[in-house]
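Working notes for the structure below.
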Amino acid sequence: MNALEAQLDYPFGDTIPVPGAVHEVVPGLRWARMPLPFALDHINVWLLDDELEERRGWSLIDTGAGTDATRAAWEQVLAQGLDGQPLVRVIATHCHPDHVGLSGWLSTRFGTPFWTTTGEFGFMRMMAAALPGVDGPSAIPHFERHGLVDAAMLGQMRSRRNYYPSLVPSVPEAYTRLQDGQLVTIGGQAWRVITGFGHSPEHASLYCAALNVLVSGDMVLPRISTNVSVFAVEPEGNPLQLYLDSLSKFADLPDDVLVLPSHGKPFRGLHTRIAQLRDHHVARLAEVIEACVMPRSATDIVPIMFRRPLDAHQLSFALGEALAHLHKLWRDGRLRRVIATDGVVRFQQI
């Protein structure tokens, strides 16, 4: 446990459900953990005892990626962890493949409605169809424009052209809309939707005042910082500002709320963690602006922000995050943007 984590309270200690098992968080709310084929090797999913349209069962928040290992884990959970009851609703916090990879499979299997925000539903449909702009090949000129010239790394990135469809093999064809501030009844309790931006198009966290529980998704994580990236589809975006602004939407929640994150362990200390995340970005912004005493591309900034070897998957996120910090400083009027004769975008102190 690092020094920042030590400032948080982990009510379940080191308890982590093994793949295929569930752990009760509070009565009527269960925690399962699904494997991921990345360095970040898991995602937490949440099951709530529910009744929807006179059908008794479980509402599920997030699904895991569409891999054989995750399907196998789900078969165990469905057989042993849900008291013989079906899923009656599938809810997605956002469109990333670890959250919606099996949304189509589970929704079809149980004939359940799929609930998410409009922004997330639209993007998951676009990425599953590999439409130009959000497909793998679209990222290559975006990365090249921001200074990536490593031929081997670019080649690895080109090989990821079907990355999203490979992890999200099917998606629901229809959805029920979640909106900011909406109260959704799950298991007889009211859950308030809190939308957030910067990490994904319209991320939905869910807060239940009666249970004092927040399903934070990826907006607030206990150990790692949420990835905030500029992507090819929105090349002029300022997602870091959107993300920092979104953190303010949790200000009215009690500090002892039990936070159920998508990665890491459930914890208490929401506002402590939000302050840590803000401090983290302040420090990263300071590093970036100091480095930009001379013109720097996003590729130049990556080793300043990420001091470890990165594979193609990690580098794609690191470049997007470096660019997000550069764009905030640029939009704040602290850096100027220069497009050189080589076509590479660079940023320099004003």
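The values are calculated or read from the model by the stated rules, or taken from the named source; none is laboratory data. None of these values were measured; they are calculated from a predicted model. Here Cβ is always computed from backbone atoms with ideal geometry, including for glycine, and neighbour counts include all displayed protein chains. Areas reflect the complete protein model, heavy atoms only, side chains present, ligands, DNA and RNA absent. Shrake-Rupley method; radii C 1.70, N 1.55, O 1.52, S 1.80 Å.
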(Q) When the residues of the range 145-156 are narrowed to those that are assigned to a helix (DSSP H, G or I) and in contact (Cβ under 8 Å) with a residue 12 or more places away in the chain, which ends up farthest from ARG55 (Cα to Cα)? (A) ARG145
Q. Can we say GLN179 is of a type outside the set (A, V, I, L, M, F, W, C), open to solvent by 70 Å² or more (accessible area, probe 1.4 Å), under 25 Å from ALA251 (Cα atoms) and modelled with pLDDT of 95 or more?
A. yes
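Does the range 116-140 hold any residues that are in contact with a strand residue (DSSP E or B) (Cβ under 9 Å, 6 or more places away or on another chain) and either open to solvent by 40 Å² or more (accessible area, probe 1.4 Å) or part of a helix (DSSP H, G or I) (or both), and which are they? Walk me through it before giving the result.
Filtering the range 116-140 for residues in contact with a strand residue (DSSP E or B) (Cβ under 9 Å, 6 or more places away or on another chain) gives 116-121, 124.
Result: THR118, GLY119, GLU120, PHE121, MET124.
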Q: Report, ordered by the first and then the second residue, all pairs with beta carbons closer than 6 Å, sequence separation of six or more or different chains, a first member in the range 107-126 that is touching a residue at least 40 places away in the same chain (Cβ under 8 Å), and a second member that is open to solvent by 60 Å² or more (accessible area, probe 1.4 Å) and not in a loop (DSSP other than H, G, I, E, B).
A: THR118/ARG177
Q. Which is buried (at least 18 other Cβ atoms within 10 Å of the Cβ) and in a loop (DSSP other than H, G, I, E, B), of LEU260, LEU240, LEU206, LEU211?
A. LEU211
Q. If you take the residues in the range 214-225 that are out of contact with any helix residue (DSSP H, G or I) (no Cβ under 7 Å at 6 or more places or on another chain) and either closer than 19 Å to PHE347 by Cβ or in a loop (DSSP other than H, G, I, E, B) (or both), which one is most open to solvent (accessible area, probe 1.4 Å)?
A. ILE224
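Being more than 22 Å from the chain's Cα centre (by Cα), over 25 Å from LEU36 (Cβ atoms), surrounded by 17 or more Cβ atoms within 10 Å (Cβ to Cβ) and of a type in the set (Gly, Ala, Ser) narrows it down to one of GLY111, GLY81, GLY147, so name that one.
Numbers: GLY111 fails: surrounded by 17 or more Cβ atoms within 10 Å (Cβ to Cβ); GLY81 fails: over 25 Å from LEU36 (Cβ atoms).
None of the others qualify; the one that does is GLY147.
Taking VAL88 as the residue in question, decide whether it is touching a Leu at 6+ places or on another chain (Cβ under 6 Å) and either open to solvent by less than 10 Å² (accessible area, probe 1.4 Å) or not in a loop (DSSP other than H, G, I, E, B) (or both).
Working: touching a Leu at 6+ places or on another chain (Cβ under 6 Å): yes; either open to solvent by less than 10 Å² (accessible area, probe 1.4 Å) or not in a loop (DSSP other than H, G, I, E, B) (or both): yes.
So VAL88 fits the description; yes.
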(Q) Which pairs turn up if I take residues in the range 299-311 that are outside any loop (DSSP other than H, G, I, E, B) and look for partners that are loosely packed, with under 15 Cβ neighbours inside 10 Å with beta carbon separation below 6 Å, at least 6 apart in sequence or on another chain? (A) ILE304/GLU287
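Please find, among ASP279, ASP252, ASP245, the residue that is open to solvent by 70 Å² or more (accessible area, probe 1.4 Å), in contact (Cβ under 8 Å) with a residue 12 or more places away in the chain and of a type in the set (D, E, K, R). Can you show your working first?
Numbers: ASP279 fails: in contact (Cβ under 8 Å) with a residue 12 or more places away in the chain; ASP252 fails: in contact (Cβ under 8 Å) with a residue 12 or more places away in the chain.
Matching residue, one of ASP279, ASP252, ASP245: ASP245.
Tell me, which residue of the range 287-298 that is in a helix (DSSP H, G or I) and surrounded by 16 or more Cβ atoms within 10 Å (Cβ to Cβ) is farthest from the chain's Cα centre (by Cα)? Full working, then the answer.
If we filter the range 287-298 for residues that are in a helix (DSSP H, G or I), which is where we start, we get 287-291, 298.
Still in the list and also surrounded by 16 or more Cβ atoms within 10 Å (Cβ to Cβ): 288-289, 291, 298.
Values: VAL288: 24, ILE289: 26, ALA291: 28, ALA298: 22 Å.
That would be ALA291.
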Q. For the range 180-214, how many residues are touching a Lys or Arg at 6+ places or on another chain (Cβ under 6 Å) and of a type in the set (Ser, Thr, Tyr)?
A. 1
